[in-house]
1. Out of region 80-99, which residues are more than 14 Å from the ligand (Cβ to nearest atom), outside any loop (DSSP other than H, G, I, E, B) and within 19 Å of the chain's Cα centre (by Cα)?
2. So in region 171-209, with the set limited to residues that are within 16 Å of the ligand (Cβ to nearest atom) and charged (D, E, K, R), which one is surrounded by the fewest Cβ atoms within 10 Å (Cβ to Cβ)?
3. From S141, S152, which residue is modelled with pLDDT of 95 or more and surrounded by 22 or more Cβ atoms within 10 Å (Cβ to Cβ)?
4. Does T50 satisfy the condition of being crowded, with 18+ Cβ neighbours inside 10 Å and among the hydroxyl-bearing types (S, T, Y)?
5. Can you tell me which residues in region 115-138 are crowded, with 23+ Cβ neighbours inside 10 Å, in a helix (DSSP H, G or I) and among the β-branched types (V, I, T)?
6. Just to check your reading of the model, which residue among D97, D84, D104 is acidic (D, E), crowded, with 21+ Cβ neighbours inside 10 Å and on the phi < 0 side of the Ramachandran plot?
7. I need the helices (runs of 4 or more DSSP H) fully contained in region 149-261, keeping only those with at least 2 residues that are without any contact (Cβ under 8 Å) to a residue 12 or more places away in the chain and over 21 Å from N138 (Cβ atoms).
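The values are calculated or read from the model by the stated rules, or taken from the named source; none is laboratory data. Quantities reported herein were computed from a predicted structural model and do not represent experimental measurements. Note: ideal-geometry Cβ built from the backbone for every residue, glycine included; neighbour counts use all protein chains shown.
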Amino acid sequence: MGEFKDKIAVVTGTTGIGKAVTLNLARSGARVFALGIDVKANKALQELSTSEGLEVLVLDTDAANPEAVRTAFEKAAGLVGGIDIIVNAAAVHPYGDATETSFDAFMRCMAVNVGSIHLTAQFGVPEMRKRGGGVIINLSSVQGHACQSGVSAYVASKGAIHSMTRAMALDFAADRIRVVCVSPGSVRTPILELAARTFEGQDADIDAVFSRFGAAHPLGRIGEPEEVADLVAFLASEKAAFITGSDHRIDGGLTAGIGVR
Ligand SMILES: NC(=O)c1ccc[n+]([C@@H]2O[C@H](COP(=O)([O-])OP(=O)(O)OC[C@H]3O[C@@H](n4cnc5c(N)ncnc54)[C@H](O)[C@@H]3O)[C@@H](O)[C@H]2O)c1
């Protein structure tokens with residue numbers, strides 16, 4: 001039935017990479033609770049999963065709201081008794097430098113991108129301890145390593161995810177809970193479409209802009225959410241049993257070079 005048979009997973013984010021991860025884990029036998037704030041996307045993911053006969057329950061949840069996350073974990077843990085895998089893929093991406101980004105937008109970015117990882121650990125780690133261990137996988141970004149201009153709130157959150165991943169790996173190693181992060185380059189998802197429209201206008205030819213973004217990557221293309229989901233699945237599996245505290249880039253070589261042509 002698949003390598004994640006009998007495993008219980010919680011995934012935040014119900015489009016793009018979160019959606020691909022949910023489907024990947026569920027197709028390999030996991031029971032997945034998917035938490036998302038986008039009610040329309042949640043419904044679509046629930047319908048797709050149900051039509052495939054997958055064990056997926058999508059819960060309308062603001063992952064930056066402590067009570068909402070507590071309720072979602074109580075529901076998940078109450079139904080199945082413990083959690084094995086958490087994948088944090090919820091994020092927002094404000095654009096602008098410090099003079100252009102309101103403090104509210106900055107704090108919301110930190111609350112969603114970083115705070116949600118704190119909350120899923122707060123409520124999820126006790127459930128993992130009941131199962132004798134687990135794995136937490138945090139979606140960061142190459143922009144936590146090096147960045148473009150006009151994205152200071154987003155990259156602050158992504159750098160924080162790298163640091164928090166290391167800290168949680170140390171904090172929970174004795175519980176046999178591994179904590180890693182994944183740093184993608186450009187990947188074909190709604191957040192990249194937002195980037196395309198921000199830089200090129202609302203009527204931008206998205207395929208053409210994605211081709212241009214892809215040309216900046218040495219492999220000559222952007223990534224697909226399913227490719228990131230495959231890496232996440234590997235990191236969640238027993239094959240990665242000795243991996244913790246580390247960041248895993250999946251960026252088509254983007255950060256290998258120094259941008260000189
Ligand atoms: N696509 C890329 O090019 C790229 C590159 C580097 C890193 N990433 C990271 O990958 C992760 C997944 O992003 P994606 O590419 O799938 O984009 P996406 O926009 O499809 O996914 C983000 C998801 O987070 C959800 N979300 C936002 N606020 C939320 C909240 N408060 N509570 C619950 N859900 C919330 C959105 O509804 C959406 O489903 C993010 O951490 C993103 O920063 C993406």
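1. Step one: filter region 80-99 for residues more than 14 Å from the ligand (Cβ to nearest atom), giving 80-85, 96-99.
Then keep just the ones that are outside any loop (DSSP other than H, G, I, E, B); that gives 80, 85, 96.
I85 - this is the single residue of region 80-99 that is more than 14 Å from the ligand (Cβ to nearest atom), outside any loop (DSSP other than H, G, I, E, B) and within 19 Å of the chain's Cα centre (by Cα).
2. D207
3. Numbers: S152 fails: surrounded by 22 or more Cβ atoms within 10 Å (Cβ to Cβ).
It is S141.
4. Numbers: crowded, with 18+ Cβ neighbours inside 10 Å: no; among the hydroxyl-bearing types (S, T, Y): yes.
Considered against the rule, which asks whether it is crowded, with 18+ Cβ neighbours inside 10 Å and among the hydroxyl-bearing types (S, T, Y), T50 comes out as no.
5. The answer is I117, T120.
6. The unique qualifying residue is D84.
7. Counting at least 2 such residues, we get 190-200, 206-215.
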